[in-house]
Amino acid sequence: MKFDNQLRHATHIIDTYKGGTPLHVWLKDFFRVNKQMGSRDRKQLSTLVYSFFRLGHAATHLSIKDRFITGLFLCTDQPSDLLGYFNPGYNEAITKPLAEKLAVTDIQPTDIFPWKNELSAAVDHEAFCLSFLRQPDLFLRIRPGYEQAVRAKLGEQAEYLSPATARLPNGFKVEDHFTPDKEVVIQDYSSQRVGEFLRPGPGLSPEPPHTFWDACAASGGKSILAHDLYPEMDLTVSDIRESILQNLRTRFQAAGITKYHTFLADLTRDDIVNLPVTHLVLADAPCTGSGTWGRTPEDLYFFHPKTIDRYQITQRKILANIATLLAPGATLVYCTCSVFKQENEEMVAFLRDGFNLQPEKMENLIGYPHRADTLFAARLRK
């Protein structure tokens with residue numbers, strides 16, 4: 001039967017895919033080789049595979065087939081012929097609230113993400129686990145000067161979490177409506193909230209920065225955010241990879257940012273020279289990315305907690321080198337896409353105790369109530 005074949009193909013994918021490459025990239029290559037699959041088959045297979053991984057470390061006692069079916073039942077809310085073929089009862093109950101659906105399975109939701117003791121204290125373990133059963137939404141940050149035009153184009157398709165933050169369903173084709181990075185930036189809601197730590201505020205260092213260094217720039221989204229907050233600020237970005245900086249230059253061109261400096265830097269080394277003198281430094285450090293695994297559940301599935309130690313060592317090296325370069329009065333904003341306390345609060349303590357940086361503000365940016373990522377950010381002053 002057709003549905004048996006689909007399940008066999010999905011099982012082959014699970015047996016073959018071993019992580020490393022992002023799953024969406026791997027699936028594109030898989031479908032490119034298997035051209036006989038139509039668009040419906042590709043969509044169904046992708047849904048099955050992602051539903052399998054969204055169960056994380058729960059339901060390890062189930063067979064692969066039962067894990068597919070249970071994952072499909074818990075992670076979707078529309079009846080399907082495939083689910084009706086394998087489990088008519090699940091198909092009939094597909095629109096029920098998640099709590100009722102969980103009650104008829106043998107899934108313990110807190111097993112999805114089993115490292116409760118490693119979490120930052122502000123992260124609700126069960127709520128975080130349940131968030132993996134739903135794909136996070138798509139978020140746009142509306143750039144200054146484009147508010148009315150963007151809202152006019154989006155109409156009732158979007159929900160607004162703030163004047164500059166639009167939430168849209170996944171599948172919305174941003175490129176069909178906007179030039180990315182010009183009118184809008186595709187940026188998760190919690191990532192946008194890092195801007196709260198870049199701005200002066202009550203009880204914080206009051207002076208707006210004249211210079212800004214994004215030390216681990218990566219895709220550059222937070223650099224564009226910083227520019228929008230302080231258009232006259234002298235902007236410098238660095239990363240360890242030239243390919244990343246080239247992509248960032250392309251984004252800056254689309255964003256209309258022309259006054260900036262870039263340089264390559266391996267900030268884990270202790271012989272870094274010629275780094276910029278700045279008033280404000282952003283260190284969006286390499287991390288496990290655990291707060292974003294709702295978008296990449298394959299990373300949850302293949303994760304081993306020993307990885308946290310490796311990232312913390314890297315973070316300590318980077319932050320130690322940055323901290324020694326800060327002049328008195330300078331501000332450091334440290335952030336991660338992690339929910340682990342070793343990468344978050346413990347790193348703030350490392351900066352406070354080892355380098356006399358004083359925390360001004362610190363928060364876990366909880367995203368799961370908004371179907372967004374969960375990040376961490378702290379603002380410290382030299």
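Within region 139-256, considering only helices (runs of 4 or more DSSP H) that don't extend past its boundaries, which have at least 3 residues that are more than 21 Å from Leu365 (Cβ to Cβ) and in contact (Cβ under 8 Å) with a residue 24 or more places away in the chain? Step through it out loud before you land on a result.
On the way: elements: 147-154, 189-193, 195-198, 221-229, 242-255.
Counting at least 3 such residues, we get 147-154, 242-255.
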**OP:** Please enumerate the residues belonging to region 9-41 that are among the β-branched types (Val, Ile, Thr) and within 15 Å of Pro297 (Cβ to Cβ).
**Re:** Ile13, Ile14, Thr21, Val25
**OP:** Could you tell me which residue of region 322-336 is surrounded by the fewest Cβ atoms within 10 Å (Cβ to Cβ), considering only residues that are at negative phi and part of a loop (DSSP other than H, G, I, E, B)?
**Re:** Pro328
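Collect the residues in region 60-119 that are of a type in the set (Gly, Ala, Ser) and open to solvent by 60 Å² or more (accessible area, probe 1.4 Å), keeping them in residue-number order.
Step one: filter region 60-119 for residues of a type in the set (Gly, Ala, Ser), giving 63, 71, 80, 84, 89, 93, 99, 103.
Across region 60-119, the qualifying residues are Ala99, Ala103.
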Subject >> Given (1) over 30 Å from Lys306 (Cβ atoms); (2) part of a loop (DSSP other than H, G, I, E, B); (3) within 18 Å of the chain's Cα centre (by Cα), number of the condition Leu133 does not satisfy >> reply: (1)
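Against the condition closer than 21 Å to Val194 by Cβ, open to solvent by less than 50 Å² (accessible area, probe 1.4 Å) and either hydroxyl-bearing (Ser, Thr, Tyr) or touching a residue at least 12 places away in the same chain (Cβ under 8 Å) (or both), how does Leu300 come out, does it pass?
No, not satisfied.
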Original post:
What are the residues in region 349-382 that are crowded, with 21+ Cβ neighbours inside 10 Å and free of Cβ contacts under 8 Å to residues at least 60 places away in the same chain, if any?
Top reply: Leu351, Leu357, Leu380
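Report whether or not Leu267 is hydrophobic (A, V, I, L, M, F, W, C), open to solvent by less than 80 Å² (accessible area, probe 1.4 Å) and either under 25 Å from Ile366 (Cβ atoms) or at pLDDT below 95 (or both). Steps first, please.
Details: hydrophobic (A, V, I, L, M, F, W, C): yes; open to solvent by less than 80 Å² (accessible area, probe 1.4 Å): yes; either under 25 Å from Ile366 (Cβ atoms) or at pLDDT below 95 (or both): yes.
Yes; evaluated as a whole, the condition is true for this residue.
Might you check whether a residue that is closer than 28 Å to His125 by Cβ, basic (Lys, Arg) and part of a loop (DSSP other than H, G, I, E, B) occurs anywhere in region 303-319? So that I can check it myself, show each step before the final result.
Kept after step one, since they are closer than 28 Å to His125 by Cβ, are these residues of region 303-319: 303-316, 319.
From what is left, the residues that are basic (Lys, Arg) are 306, 310, 316.
Remaining after also requiring part of a loop (DSSP other than H, G, I, E, B): none.
Checking region 303-319: not a single residue is closer than 28 Å to His125 by Cβ, basic (Lys, Arg) and part of a loop (DSSP other than H, G, I, E, B).
The values are calculated or read from the model by the stated rules, or taken from the named source; none is laboratory data. Not measured: the values here are computed from a predicted model. All Cβ positions, glycine included, derive from the backbone under ideal geometry; neighbour counts span all protein chains shown. Keep in mind that these areas ignore ligands, DNA and RNA; they rest on the heavy atoms of the full protein, side chains included. Shrake-Rupley method; radii C 1.70, N 1.55, O 1.52, S 1.80 Å.
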